[in-house]
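A.B. asks: One structure follows; several queries about it will come next.
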Ligand SMILES: [Zn+2]
């Protein structure tokens, strides 16, 4: 799978009916998705709203953020510059 197709596929919230376990993933038509631990089939239950057009494509979670050394705000790791003060990351 190329990174290009991963970013253009619609992103859905998926849920396993029996256990209620959830995942967020780019979903492709005709592909069956399974929970990595239980093996249950995951079904799309909601679509994820797109973020800002020129912003980060990463989920805003601690593992994907870095602290800017100038303004000390959290910025996504996949941006070239701090989204608050513009300092290169
Ligand atoms: Zn900054």
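A.B. asks: Taking the Cα-to-Cβ direction at residue 37 and at residue 21 and moving 7 Å from each Cα, how far apart do the two end points lie in nm?
C.D. replies: 0.6
A.B. asks: Semi-axes of the equivalent ellipsoid of the chain: what are they in whole Å, largest first, if each equals the square root of 5 times a C-alpha gyration tensor eigenvalue?
C.D. replies: After scaling each eigenvalue by five and taking roots: 32, 15, 10 Å.
The numbers here are math on the coordinates, done by the rules we state, and not lab data. Note that the structure is a prediction, hence the values are computed from the model and not measured. Reconstructed Cβ throughout: ideal geometry from the backbone, glycine too, with neighbour counts over all protein chains shown.
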